Amino acid sequence: RRSWAEPYKIKVVEPLKMTTRAEREQAIATAGYNTFLLRSEDVYIDLLTDSGTSAMSDYQWAGMMLGDEAYAGSKNFYNLEENIQKYYGYRHIVPTHQGRGAENILSQILIKPGDYIPGNMYFTTTRLHQELAGGTFVDVIIDEAHDAESLHPFKGNVDLQKLIDLIERVGAERIPYISVAGTVNMAGGQPISMANLREVHQLAQTHGIRIILDATRAVENAYFIQQREEDYSNQAIATILHEFCSYTDGCTMSGKKDALVNIGGWLALNDYNLYEEARNLIVIYEGLHTYGGMAGRDMEAMARGIEESVKDDHIRARIGQVEYLGQKLLDWGIPIVVPIGGHAIYLDAKRFLEQIPQEEFPAQRLAAELYLEAGIRAMERGIVSAGRSKETGDNYYPELELVRLTIPRRVYTQAHMDLTAEAVEEVYYNRDRLRGLKMIYEPKYLRFFQARFELL
Ligand code: F0G
């Protein structure tokens, strides 16, 4: 058969509110043309993020009723720990309220002022925690990752020469760890290959440098390895994930993505001494080391979500839905980042709105326009997200100026994808009349979340 269909059926539904164009004009102006500041109620199809927005299964909801809400030693923690050890293969686990909680602890333990942290492209919260701990992030991703049109199958790969150059320039002792993400969010949800990670591992071992994985979407990465990399096409996702993690010394994790829950995360470390330090810090920032900011029921839902996330039919349907939307847009000649990534379609705002210069926030403007057109909420991933240099205070001007249409897991139907594609096409057709934006309020940290704009 040529078609696939979702490996689940719908048991509970949540009605959506339809709005008029006039209502949306009012709402987006009130939100300062920032989709983060819209009320969810005013959104029809919410593609802001795939973070914490997944639909849980009946098996997960059943687990919620089995929450052991003891302050210490909840049995749900042990279930979670066991599943992380089983599927991700790490030895020691510290639960956290979400991914950035783990990033905070990790950065505090490992980074000293003056250190450098190489990584396959920055992620907003990850880089900020590295900087707050006194480190400097260094991008060592392959050049193709910064080119929206490059068809490289593994645009998340590390450029080994860039890594070697950094080691030679600053010395291995100034590099506490290499920060590897699979898949790479800011590059368009692009994967890193097993072969590349294995090479990074070998290089790191020679120099005695750790590798810490951002495992947020590592299951999705495993799917691309299965589909695109020689020798893996017959391996199960769970097997690939386990091998992938085995080349790293620990991970930070936002369970809100792959692990199919609304809240939760963890820090995993193979080194017992580091784990002990993490366990000491966790009680200051997150909670006891057997709950880390989560309720018992949340840990149970995540333990069960991990089991479901590594099932081959789940991940095929999940990424298949993203590909369905992306292929439609490609067929209609709309500029998107290729190859199609794992969790989202990224509209290339530089080519979409050629008339708007980057300092007038083309991606921010495009995201606002999609909302106006059809009540679809997307997210800017361009100059606003990139922020300012911590040294000079100047704006970063990233090569990629993107709008992310992020697909929540198991939430929307194919008809929602069709409607989304048609709305994008309509905006594309009328793109010439759009002008840029002016930023009128800029927060100090992670400005994209709360910045406000005016129409030019
Ligand atoms: N790492 C990656 C690759 C992420 O995408 C995120 C979150 C985090 C870390 C932080 O995790 O949100 O649980 O604290 N990304 C969300 C997004 C916010 O929309 O892409 P968190």
Would you pick out the residues in the range 195-217 that are under 23 Å from V338 (Cα atoms) and either in a helix (DSSP H, G or I) or out of contact with any His (no Cβ under 8 Å at 6 or more places or on another chain) (or both)?
A195, N196, L197, D214, A215, T216
Which ones in the range 54-109 are of a type in the set (S, T, Y) and either under 19 Å from the mean Cα position of the chain (by Cα) or not in a helix (DSSP H, G or I) (or both)?
S54, S57, Y71, S74, Y88, Y90, T96, S107
Report yes if some residue within the range 421-435 is over 17 Å from the mean Cα position of the chain (by Cα), at pLDDT 95 or above and buried (at least 24 other Cβ atoms within 10 Å of the Cβ); otherwise report no.
yes
Condition first: open to solvent by less than 30 Å² (accessible area, probe 1.4 Å), more than 19 Å from L419 (Cα to Cα) and assigned to a helix (DSSP H, G or I). Now tell me which residues in the range 4-32 satisfy that.
A27, I28
Failed item, numbered, when L330 is tested on (1) touching a strand residue (DSSP E or B) at 6+ places or on another chain (Cβ under 6 Å); (2) in a helix (DSSP H, G or I):
(1)
What's the total number of residues in the range 392-416 that are more than 16 Å from the ligand (Cβ to nearest atom), over 30 Å from G305 (Cα atoms) and open to solvent by less than 70 Å² (accessible area, probe 1.4 Å)?
3
Based on what the data block shows, is V384 within 16 Å of the ligand (Cβ to nearest atom), at negative phi, within 16 Å of the chain's Cα centre (by Cα) and at pLDDT 95 or above?
no
Residue that is open to solvent by less than 20 Å² (accessible area, probe 1.4 Å), in contact (Cβ under 8 Å) with a residue 12 or more places away in the chain and within 15 Å of the ligand (Cβ to nearest atom), where the choices are L274, L269, L213:
L213
Residues of the range 140-191 that turn out to be of a type in the set (K, R) and within 16 Å of the ligand (Cβ to nearest atom), as a count:
1
When both residues are 6+ apart or on different chains and their Cβ atoms are under 6 Å apart, which pairs have a first residue that lies in the range 92-119 and is hydrophobic (A, V, I, L, M, F, W, C), and a second that is within 9 Å of the ligand (Cβ to nearest atom) and in a strand (DSSP E or B)?
A102/T96; A102/T252; A102/G265; L106/T252
Report yes if L446 is hydrophobic (A, V, I, L, M, F, W, C) and either surrounded by 13 or more Cβ atoms within 10 Å (Cβ to Cβ) or within 15 Å of D46 (Cα to Cα) (or both), otherwise no.
yes
Could you tell me whether any residue of the range 78-91 is open to solvent by 20 Å² or more (accessible area, probe 1.4 Å), away from the ligand (no atom under 15 Å from the Cβ), in contact (Cβ under 8 Å) with a residue 24 or more places away in the chain and of a type in the set (S, T, N, Q)?
yes
Restricting attention to the range 33-53, which residues are of a type outside the set (D, E, K, R), within 12 Å of the ligand (Cβ to nearest atom) and outside any helix (DSSP H, G or I)?
L47, L48, T49, S51, G52, T53
Yes or no: R351 open to solvent by 50 Å² or more (accessible area, probe 1.4 Å), in contact (Cβ under 8 Å) with a residue 24 or more places away in the chain and out of contact with any Asp or Glu (no Cβ under 7 Å at 6 or more places or on another chain)?
yes
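Condition first: aromatic (F, W, Y) and open to solvent by less than 10 Å² (accessible area, probe 1.4 Å). Now tell me which residues in the range 241-260 satisfy that. Full working, then the answer.
Pass one, the range 241-260, residues aromatic (F, W, Y): 244, 247.
F244 - this is the single residue of the range 241-260 that is aromatic (F, W, Y) and open to solvent by less than 10 Å² (accessible area, probe 1.4 Å).
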Every listed condition ((1) open to solvent by 30 Å² or more (accessible area, probe 1.4 Å); (2) modelled with pLDDT under 95; (3) polar (S, T, N, Q)) holds for S389 save (1)
Please specify each residue of the range 298-348 satisfying the condition of being basic (K, R) and surrounded by fewer than 21 Cβ atoms within 10 Å (Cβ to Cβ).
K311, R316, K328
Is it the case that some residue within the range 221-230 is within 14 Å of the ligand (Cβ to nearest atom) and either at pLDDT 95 or above or farther than 30 Å from I282 by Cα (or both)?
yes
If we ask which residues in the range 290-314 are within 20 Å of the chain's Cα centre (by Cα) and among the hydroxyl-bearing types (S, T, Y), their number turns out to be 1
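Suppose the filter is open to solvent by 50 Å² or more (accessible area, probe 1.4 Å), polar (S, T, N, Q) and within 28 Å of M299 (Cα to Cα); does S40 pass it?
Values: open to solvent by 50 Å² or more (accessible area, probe 1.4 Å): yes; polar (S, T, N, Q): yes; within 28 Å of M299 (Cα to Cα): yes.
Yes: the conditions hold for S40.
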Counting only residues that are within 16 Å of the ligand (Cβ to nearest atom) and either in contact with a Cys (Cβ under 6 Å, 6 or more places away or on another chain) or under 16 Å from D214 (Cα atoms) (or both), how many does the range 119-139 have?
14
Please pick out the residue among I237, I284 that is open to solvent by 40 Å² or more (accessible area, probe 1.4 Å) and over 20 Å from S179 (Cβ atoms).
I284
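The values are calculated or read from the model by the stated rules, or taken from the named source; none is laboratory data. Owing to the predicted nature of the structure, the values given are computational and were not obtained by experimental measurement. We place every Cβ from the backbone using ideal geometry, glycine too, and count neighbours over all the protein chains shown. Side chains are part of the model used for accessible areas, which takes the heavy atoms of the whole protein and leaves out ligands, DNA and RNA. Shrake-Rupley method; radii C 1.70, N 1.55, O 1.52, S 1.80 Å.
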